[in-house]
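Chemist: Below are the C-alpha coordinates for one structure; questions will follow.
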Amino acid sequence: MKLTRFILLFLVLAALCLGGGYFWLQNALNQPVAHNYASEYITIERGMASNQILKKLEGQQIIQAPLATKLYLRFFATDLRLEAGDYLFPSPISPKEVLNTLENGRKRAQALTIPEGWSRFEIANRIVARFPVEPALSPEEVLALMNDTKLIEDFDPQATNLEGYLYPTTYDFEIGSHPEAIIAKMVQQFKQVWKPEWNQLAKDMGRTKQEIVTIASLIENESQVDRERALVASVIYNRLERGIPLGIDATNVYIAKLLNRWDGIIHKSDVEVDHPYNTRRIQGLPPGPICSPSESALEAALNPGSTEYLYYVLDVEAGDGSHNFYADAAGFARGKAAYQRWLSKQRGK
(Lines give C-alpha, C1' and ligand atoms only; values in the text may rest on other atoms or scores of the structure.)
Protein backbone atom coordinates (compact mmCIF):
# COMPACT_ATOMS: atom_id res chain seq x y z
CA MET A 1 0.00 0.00 0.00
CA LYS A 2 2.80 2.42 0.95
CA LEU A 3 4.61 1.54 -2.29
CA THR A 4 1.49 2.29 -4.30
CA ARG A 5 1.11 5.67 -2.62
CA PHE A 6 4.77 6.44 -3.25
CA ILE A 7 4.43 5.58 -6.93
CA LEU A 8 1.28 7.67 -7.21
CA LEU A 9 2.96 10.61 -5.49
CA PHE A 10 5.96 10.24 -7.78
CA LEU A 11 3.74 10.25 -10.86
CA VAL A 12 1.88 13.32 -9.65
CA LEU A 13 5.13 15.18 -8.96
CA ALA A 14 6.53 14.09 -12.32
CA ALA A 15 3.38 15.33 -14.08
CA LEU A 16 3.59 18.63 -12.25
CA CYS A 17 7.24 19.01 -13.20
CA LEU A 18 6.54 18.15 -16.82
CA GLY A 19 3.57 20.47 -16.89
CA GLY A 20 5.52 23.26 -15.28
CA GLY A 21 8.42 22.70 -17.62
CA TYR A 22 6.15 22.73 -20.63
CA PHE A 23 4.47 25.95 -19.43
CA TRP A 24 7.87 27.55 -18.86
CA LEU A 25 9.07 26.48 -22.31
CA GLN A 26 5.97 27.78 -24.12
CA ASN A 27 6.01 31.03 -22.17
CA ALA A 28 9.71 31.62 -22.93
CA LEU A 29 9.29 30.79 -26.63
CA ASN A 30 6.26 33.01 -27.16
CA GLN A 31 7.23 35.99 -25.01
CA PRO A 32 8.14 38.99 -27.26
CA VAL A 33 11.24 40.88 -26.16
CA ALA A 34 12.57 44.27 -27.26
CA HIS A 35 15.98 44.78 -28.85
CA ASN A 36 17.95 47.58 -30.52
CA TYR A 37 18.52 46.04 -33.98
CA ALA A 38 15.06 46.38 -35.55
CA SER A 39 16.33 48.69 -38.31
CA GLU A 40 19.52 46.74 -39.07
CA TYR A 41 19.91 43.74 -41.32
CA ILE A 42 21.35 40.70 -39.55
CA THR A 43 23.33 38.43 -41.86
CA ILE A 44 23.23 34.69 -41.26
CA GLU A 45 26.10 33.24 -43.25
CA ARG A 46 25.73 30.05 -45.22
CA GLY A 47 27.11 27.07 -43.30
CA MET A 48 26.53 28.48 -39.80
CA ALA A 49 25.37 25.82 -37.32
CA SER A 50 22.18 26.42 -35.33
CA ASN A 51 24.16 26.95 -32.13
CA GLN A 52 26.28 29.60 -33.85
CA ILE A 53 23.17 31.34 -35.15
CA LEU A 54 21.53 31.33 -31.70
CA LYS A 55 24.72 32.59 -30.07
CA LYS A 56 24.91 35.48 -32.57
CA LEU A 57 21.28 36.45 -31.98
CA GLU A 58 21.69 36.07 -28.22
CA GLY A 59 24.67 38.44 -28.34
CA GLN A 60 22.45 41.05 -29.98
CA GLN A 61 19.63 40.33 -27.51
CA ILE A 62 17.26 39.37 -30.32
CA ILE A 63 16.88 36.01 -28.56
CA GLN A 64 16.79 36.41 -24.77
CA ALA A 65 15.73 32.86 -23.90
CA PRO A 66 18.60 30.82 -25.35
CA LEU A 67 18.07 27.71 -23.19
CA ALA A 68 14.39 27.41 -24.05
CA THR A 69 15.18 27.98 -27.72
CA LYS A 70 17.88 25.30 -27.76
CA LEU A 71 15.60 22.79 -25.99
CA TYR A 72 12.83 23.50 -28.46
CA LEU A 73 15.15 22.91 -31.43
CA ARG A 74 16.62 19.79 -29.85
CA PHE A 75 13.44 18.00 -28.79
CA PHE A 76 10.42 19.55 -30.49
CA ALA A 77 11.54 21.01 -33.84
CA THR A 78 14.16 18.57 -35.02
CA ASP A 79 13.23 19.10 -38.69
CA LEU A 80 13.40 22.88 -38.55
CA ARG A 81 16.13 24.30 -40.80
CA LEU A 82 17.61 27.74 -40.18
CA GLU A 83 18.35 29.34 -43.55
CA ALA A 84 21.13 31.72 -44.48
CA GLY A 85 20.10 35.21 -45.52
CA ASP A 86 19.76 38.86 -44.54
CA TYR A 87 17.06 39.44 -41.94
CA LEU A 88 15.22 42.28 -40.30
CA PHE A 89 13.88 41.24 -36.90
CA PRO A 90 11.15 43.61 -35.63
CA SER A 91 11.15 44.67 -32.00
CA PRO A 92 9.65 43.23 -29.88
CA ILE A 93 9.86 39.67 -31.21
CA SER A 94 9.54 36.26 -29.58
CA PRO A 95 12.07 33.41 -30.00
CA LYS A 96 9.39 31.40 -31.85
CA GLU A 97 8.91 34.26 -34.32
CA VAL A 98 12.68 34.50 -34.80
CA LEU A 99 12.87 30.79 -35.64
CA ASN A 100 9.92 31.03 -38.04
CA THR A 101 11.64 33.92 -39.81
CA LEU A 102 14.91 31.99 -40.05
CA GLU A 103 13.11 28.91 -41.34
CA ASN A 104 11.55 30.79 -44.25
CA GLY A 105 14.82 32.37 -45.35
CA ARG A 106 14.95 35.97 -46.41
CA LYS A 107 17.28 37.98 -48.59
CA ARG A 108 17.79 41.70 -48.22
CA ALA A 109 15.01 43.48 -50.07
CA GLN A 110 14.75 46.74 -51.96
CA ALA A 111 11.58 48.62 -52.82
CA LEU A 112 10.66 49.28 -56.43
CA THR A 113 7.87 51.81 -56.99
CA ILE A 114 6.23 51.99 -60.41
CA PRO A 115 3.92 55.02 -60.63
CA GLU A 116 0.54 54.72 -62.31
CA GLY A 117 0.67 55.81 -65.93
CA TRP A 118 4.30 54.92 -66.60
CA SER A 119 5.09 53.29 -69.92
CA ARG A 120 7.46 50.37 -70.30
CA PHE A 121 10.18 52.82 -71.31
CA GLU A 122 10.20 54.56 -67.90
CA ILE A 123 9.83 51.22 -66.15
CA ALA A 124 12.86 49.76 -67.95
CA ASN A 125 14.98 52.76 -66.96
CA ARG A 126 14.01 52.44 -63.30
CA ILE A 127 14.66 48.69 -63.20
CA VAL A 128 18.15 49.21 -64.64
CA ALA A 129 18.89 51.98 -62.13
CA ARG A 130 17.63 50.11 -59.06
CA PHE A 131 18.63 46.53 -59.86
CA PRO A 132 22.03 46.33 -61.56
CA VAL A 133 23.13 42.82 -62.51
CA GLU A 134 26.24 41.15 -63.87
CA PRO A 135 26.66 41.22 -66.75
CA ALA A 136 25.05 44.66 -66.88
CA LEU A 137 21.86 45.17 -68.87
CA SER A 138 20.97 48.38 -70.69
CA PRO A 139 17.44 49.84 -70.74
CA GLU A 140 17.16 48.64 -74.33
CA GLU A 141 17.98 45.08 -73.26
CA VAL A 142 15.37 45.24 -70.49
CA LEU A 143 12.86 46.53 -73.05
CA ALA A 144 13.72 43.50 -75.17
CA LEU A 145 12.76 41.29 -72.22
CA MET A 146 9.41 43.08 -72.20
CA ASN A 147 8.85 41.93 -75.77
CA ASP A 148 8.50 38.34 -74.56
CA THR A 149 4.73 37.98 -74.40
CA LYS A 150 4.55 34.39 -73.14
CA LEU A 151 3.71 35.79 -69.68
CA ILE A 152 0.50 37.35 -71.00
CA GLU A 153 -0.47 35.12 -73.93
CA ASP A 154 -3.30 33.53 -71.92
CA PHE A 155 -4.80 36.99 -71.37
CA ASP A 156 -3.89 38.79 -74.60
CA PRO A 157 -2.71 36.39 -77.32
CA GLN A 158 -2.32 39.30 -79.75
CA ALA A 159 0.09 41.29 -77.56
CA THR A 160 3.42 42.21 -79.16
CA ASN A 161 4.93 43.42 -75.86
CA LEU A 162 4.00 43.76 -72.19
CA GLU A 163 2.88 47.39 -72.33
CA GLY A 164 -0.15 47.82 -70.08
CA TYR A 165 0.47 44.59 -68.18
CA LEU A 166 3.30 45.75 -65.87
CA TYR A 167 1.14 46.66 -62.90
CA PRO A 168 1.98 49.97 -61.18
CA THR A 169 2.52 49.62 -57.43
CA THR A 170 5.35 49.31 -54.90
CA TYR A 171 7.17 45.98 -54.82
CA ASP A 172 9.82 44.47 -52.55
CA PHE A 173 12.45 42.49 -54.43
CA GLU A 174 15.56 40.79 -53.16
CA ILE A 175 18.69 42.80 -53.87
CA GLY A 176 20.29 41.34 -56.96
CA SER A 177 16.98 40.23 -58.49
CA HIS A 178 17.20 39.83 -62.25
CA PRO A 179 15.04 42.15 -64.38
CA GLU A 180 13.38 39.10 -65.92
CA ALA A 181 12.07 38.03 -62.49
CA ILE A 182 10.95 41.59 -61.75
CA ILE A 183 9.01 41.78 -65.00
CA ALA A 184 7.37 38.41 -64.31
CA LYS A 185 6.23 39.61 -60.87
CA MET A 186 4.71 42.77 -62.32
CA VAL A 187 2.71 40.78 -64.87
CA GLN A 188 1.62 38.39 -62.14
CA GLN A 189 0.41 41.35 -60.10
CA PHE A 190 -1.63 42.61 -63.05
CA LYS A 191 -3.33 39.21 -63.31
CA GLN A 192 -4.11 39.29 -59.59
CA VAL A 193 -5.69 42.75 -59.88
CA TRP A 194 -7.78 41.76 -62.92
CA LYS A 195 -11.01 40.36 -61.46
CA PRO A 196 -12.51 37.20 -63.00
CA GLU A 197 -15.92 38.87 -63.40
CA TRP A 198 -14.32 41.51 -65.62
CA ASN A 199 -13.93 38.93 -68.39
CA GLN A 200 -17.69 38.67 -68.85
CA LEU A 201 -18.18 42.40 -68.34
CA ALA A 202 -15.76 43.15 -71.18
CA LYS A 203 -17.50 40.59 -73.37
CA ASP A 204 -20.92 42.11 -72.62
CA MET A 205 -19.53 45.49 -73.72
CA GLY A 206 -18.39 43.99 -77.01
CA ARG A 207 -14.76 44.63 -76.13
CA THR A 208 -11.74 42.37 -75.86
CA LYS A 209 -9.73 42.39 -72.65
CA GLN A 210 -6.88 44.02 -74.56
CA GLU A 211 -9.18 46.84 -75.66
CA ILE A 212 -10.29 47.41 -72.07
CA VAL A 213 -6.65 47.66 -70.94
CA THR A 214 -5.93 50.05 -73.84
CA ILE A 215 -8.87 52.29 -72.89
CA ALA A 216 -7.79 52.15 -69.23
CA SER A 217 -4.29 53.26 -70.21
CA LEU A 218 -5.78 56.28 -72.02
CA ILE A 219 -7.91 57.14 -68.98
CA GLU A 220 -4.86 56.82 -66.73
CA ASN A 221 -3.01 59.43 -68.76
CA GLU A 222 -5.95 61.77 -69.14
CA SER A 223 -7.02 62.09 -65.51
CA GLN A 224 -5.49 61.40 -62.11
CA VAL A 225 -8.75 62.26 -60.34
CA ASP A 226 -10.59 59.03 -59.52
CA ARG A 227 -14.04 60.59 -59.21
CA GLU A 228 -14.08 61.76 -62.85
CA ARG A 229 -12.50 58.77 -64.56
CA ALA A 230 -15.87 57.27 -65.45
CA LEU A 231 -16.69 60.57 -67.21
CA VAL A 232 -13.42 60.47 -69.16
CA ALA A 233 -14.32 56.90 -70.10
CA SER A 234 -17.73 58.09 -71.33
CA VAL A 235 -16.06 60.63 -73.64
CA ILE A 236 -13.83 57.91 -75.10
CA TYR A 237 -16.72 55.53 -75.71
CA ASN A 238 -18.97 58.27 -77.12
CA ARG A 239 -16.28 59.28 -79.61
CA LEU A 240 -15.64 55.66 -80.59
CA GLU A 241 -19.35 55.09 -81.21
CA ARG A 242 -19.63 58.22 -83.37
CA GLY A 243 -16.43 57.62 -85.31
CA ILE A 244 -14.76 60.75 -83.96
CA PRO A 245 -10.97 60.56 -83.54
CA LEU A 246 -10.05 60.42 -79.86
CA GLY A 247 -7.43 63.18 -80.17
CA ILE A 248 -5.60 62.15 -77.00
CA ASP A 249 -2.22 63.88 -76.80
CA ALA A 250 -0.78 61.13 -74.61
CA THR A 251 -0.74 58.87 -77.66
CA ASN A 252 1.46 61.39 -79.48
CA VAL A 253 3.82 61.38 -76.51
CA TYR A 254 3.89 57.61 -76.72
CA ILE A 255 4.75 57.77 -80.43
CA ALA A 256 7.72 60.02 -79.63
CA LYS A 257 8.88 57.46 -77.06
CA LEU A 258 8.47 54.64 -79.57
CA LEU A 259 10.57 56.61 -82.05
CA ASN A 260 13.12 57.45 -79.33
CA ARG A 261 12.69 61.19 -79.78
CA TRP A 262 10.64 62.26 -76.75
CA ASP A 263 12.21 65.37 -75.16
CA GLY A 264 9.37 66.42 -72.86
CA ILE A 265 7.57 68.57 -75.44
CA ILE A 266 4.94 67.63 -78.02
CA HIS A 267 6.20 68.99 -81.33
CA LYS A 268 4.21 69.67 -84.49
CA SER A 269 5.88 66.64 -86.08
CA ASP A 270 4.59 64.45 -83.23
CA VAL A 271 1.03 65.61 -83.89
CA GLU A 272 1.20 65.27 -87.69
CA VAL A 273 3.08 61.96 -87.84
CA ASP A 274 1.41 59.16 -89.80
CA HIS A 275 1.34 56.45 -87.15
CA PRO A 276 -1.21 53.87 -85.91
CA TYR A 277 -1.00 55.35 -82.38
CA ASN A 278 -1.80 58.89 -83.55
CA THR A 279 -5.34 59.30 -82.24
CA ARG A 280 -5.61 62.72 -83.84
CA ARG A 281 -5.60 61.01 -87.23
CA ILE A 282 -6.92 57.49 -86.78
CA GLN A 283 -10.47 56.52 -85.94
CA GLY A 284 -10.84 54.00 -83.15
CA LEU A 285 -8.36 52.78 -80.58
CA PRO A 286 -4.58 52.66 -80.94
CA PRO A 287 -3.12 49.16 -81.46
CA GLY A 288 -2.47 48.62 -77.74
CA PRO A 289 -2.02 50.18 -74.31
CA ILE A 290 0.25 53.20 -73.93
CA CYS A 291 1.08 52.82 -70.21
CA SER A 292 0.43 50.80 -67.07
CA PRO A 293 -3.12 51.53 -65.87
CA SER A 294 -4.21 51.28 -62.24
CA GLU A 295 -7.16 49.32 -60.90
CA SER A 296 -9.13 52.59 -60.77
CA ALA A 297 -8.60 53.19 -64.49
CA LEU A 298 -9.52 49.59 -65.33
CA GLU A 299 -12.72 49.97 -63.30
CA ALA A 300 -13.58 53.15 -65.21
CA ALA A 301 -12.95 51.50 -68.58
CA LEU A 302 -15.37 48.72 -67.61
CA ASN A 303 -17.94 51.04 -66.01
CA PRO A 304 -18.09 54.27 -68.06
CA GLY A 305 -20.51 57.01 -67.12
CA SER A 306 -23.70 57.39 -69.15
CA THR A 307 -23.30 60.85 -70.70
CA GLU A 308 -23.41 62.77 -73.96
CA TYR A 309 -19.99 64.29 -73.36
CA LEU A 310 -17.55 64.49 -76.27
CA TYR A 311 -14.98 66.92 -74.85
CA TYR A 312 -13.21 67.87 -71.66
CA VAL A 313 -10.83 70.67 -70.65
CA LEU A 314 -8.77 71.16 -67.51
CA ASP A 315 -10.74 73.00 -64.83
CA VAL A 316 -8.31 75.80 -63.99
CA GLU A 317 -10.53 77.21 -61.26
CA ALA A 318 -10.68 73.93 -59.34
CA GLY A 319 -6.90 73.61 -59.45
CA ASP A 320 -6.99 69.92 -58.51
CA GLY A 321 -6.34 68.38 -61.91
CA SER A 322 -10.03 67.78 -62.63
CA HIS A 323 -11.80 68.71 -65.85
CA ASN A 324 -14.90 70.41 -67.20
CA PHE A 325 -16.92 68.24 -69.59
CA TYR A 326 -18.91 69.32 -72.65
CA ALA A 327 -21.41 67.70 -75.00
CA ASP A 328 -21.06 70.24 -77.81
CA ALA A 329 -18.27 72.03 -79.66
CA ALA A 330 -19.42 75.49 -78.59
CA GLY A 331 -19.14 74.68 -74.88
CA PHE A 332 -15.77 73.08 -75.52
CA ALA A 333 -14.55 76.18 -77.36
CA ARG A 334 -15.45 78.41 -74.42
CA GLY A 335 -13.74 76.06 -71.97
CA LYS A 336 -10.66 75.81 -74.15
CA ALA A 337 -10.45 79.60 -74.46
CA ALA A 338 -10.57 79.98 -70.69
CA TYR A 339 -7.84 77.37 -70.38
CA GLN A 340 -5.68 79.15 -72.98
CA ARG A 341 -6.03 82.47 -71.13
CA TRP A 342 -5.03 80.80 -67.87
CA LEU A 343 -2.08 79.08 -69.58
CA SER A 344 -0.84 82.39 -71.02
CA LYS A 345 -0.89 83.95 -67.55
CA GLN A 346 1.03 81.00 -66.13
CA ARG A 347 3.70 81.28 -68.81
CA GLY A 348 3.99 85.03 -68.22
CA LYS A 349 4.76 84.65 -64.52
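Chemist: Taking the full set of protein chains and a 1.4 angstrom probe, give the accessible area of Asp274 in square angstrom, rounded to the nearest 10.
Modeler: 140
Chemist: Under a Cβ-only charge scheme (Lys and Arg +1, Asp and Glu -1), can you give me the dipole magnitude of the chain about the Cα centre, in debye to the nearest 20? Mind dumping the intermediate values first?
Modeler: Details: 37 positive and 41 negative charges, 217 e Å.
Dipole magnitude for the chain comes out near 1040 debye.
Chemist: Can you name the helices of the chain, as whole DSSP H runs, whose Cα span along the helix axis is 18 Å or more and whose Kyte-Doolittle mean is not below -0.5?
Modeler: Working: long enough: 2-30 (42 Å, 1.25); 179-193 (21 Å, 0.15); 209-222 (20 Å, 0.03); 229-242 (20 Å, 0.11); 329-348 (28 Å, -0.84).
Correct list, ordered by number: 2-30, 179-193, 209-222, 229-242.
Chemist: Can I ask one more? For Gly117, which sequence-distant residues (separation of 5 or more, or a different chain) have an amide H within less than 5 Å of its own amide H, given hydrogens modelled in the peptide plane?
Modeler: Ser292, Ser294
Chemist: With every protein chain kept in place and ligands, DNA and RNA left out, what is the accessible area per residue of segment 274-349? Probe 1.4 Å, answer in Å². All intermediate terms of the calculation are to be shown ahead of the outcome.
Modeler: Numbers: 4190 Å² over 76 residues.
That works out to 55 Å² for each residue.
Chemist: Beta carbons within 10 angstrom, averaged per residue: use that to sort the peptides 86-95, 170-179, highest first. Kindly include the intermediate steps, with their values, before the conclusion.
Modeler: Working: 86-95: 17.3, 170-179: 15.0.
Descending packing order for the listed peptides: 86-95, 170-179.
Chemist: Before I look further, what does segment 55-178 give for accessible area per residue, probe 1.4 Å, in whole square angstrom? Show your work: numbers first, answer last.
Modeler: Working: 6580 Å² over 124 residues.
Per residue, segment 55-178 has an accessible area of 53 Å².
Chemist: Something else about it: Quick check: at a probe of 1.4 Å, how many percent of the accessible area of segment 130-189 sits on carbon and sulfur atoms? All intermediate terms of the calculation are to be shown ahead of the outcome.
Modeler: Numbers: 1560 of 3140 Å².
Exposed carbon and sulfur together represent 50 percent of the surface.
Chemist: According to a simple spin-label model (label point 7 Å from Cα along Cα-to-Cβ), what is the distance in nm between Thr170 and Glu45?
Modeler: For the pair Glu45/Thr170, the computed spacing is 3.4 nm.
Chemist: In deg cm²/dmol and to the nearest 500, what is the mean residue ellipticity at 222 nm of the chain if only DSSP H runs of at least 4 residues count, each as -39500 (n - 2.57), divided by the residue total?
Modeler: -15000 deg cm²/dmol
Chemist: Normalised by the residues of the chain, what does the relative contact order come to in percent, with Cα pairs under 8 Å and at least six apart?
Modeler: Numbers: 494 pairs, mean separation 49.0, N = 349.
Over the chain, the number comes to 14 percent.
Chemist: Right, next: So, by mean Cβ neighbours within 10 angstrom, what's the order for 289-299, 180-190, 132-142 with the highest one leading?
Modeler: 289-299, 180-190, 132-142
Chemist: For segment 241-345, with all protein chains present and a 1.4 Å probe, just round the carbon and sulfur fraction of the accessible area to a whole percent.
Modeler: Working: 2670 of 5530 Å².
Answer for segment 241-345: carbon and sulfur cover 48 percent of the accessible area.
Chemist: Something else about it: Going by the alpha-carbon gyration tensor, a ≥ b ≥ c the square roots of its eigenvalues, is segment 243-349 rounded (a/c under 1.5) or, if a/c is not under 1.5, prolate (a/b greater than b/c) versus oblate? Could you put the intermediate results ahead of the total?
Modeler: Working: a/c = 1.55, a/b = 1.14, b/c = 1.37.
Cα axes put segment 243-349 in the oblate bin.
Chemist: A further question on this structure: Starting from the eigenvalues of the Cα gyration tensor, five times each then square-rooted, give me the equivalent ellipsoid semi-axes of the chain, largest first, whole Å.
Modeler: Numbers: eigenvalues 715, 109, 81 Å².
Value: 60, 23, 20 Å, ordered largest first.
Chemist: Past the 25 Å Cα-Cα mark, which pairs from Lys96/Lys185; Lys268/Lys336; Lys209/Lys268; Lys185/Lys209? Provide the component values of the computation, followed by the final result.
Modeler: Working: Lys96/Lys185 30 Å; Lys268/Lys336 19 Å; Lys209/Lys268 33 Å; Lys185/Lys209 20 Å.
Pairs exceeding 25 Å: Lys96/Lys185; Lys209/Lys268.
The values are calculated or read from the model by the stated rules, or taken from the named source; none is laboratory data. Just so we're clear, the structure is a prediction, and the values are computed from it rather than from any experiment. Neighbour counts run over all protein chains shown; Cβ positions are idealised from the backbone, glycine included. What goes into the accessible areas is simple: the full protein's heavy atoms, side chains included, and nothing from ligands, DNA or RNA. Shrake-Rupley method; radii C 1.70, N 1.55, O 1.52, S 1.80 Å.
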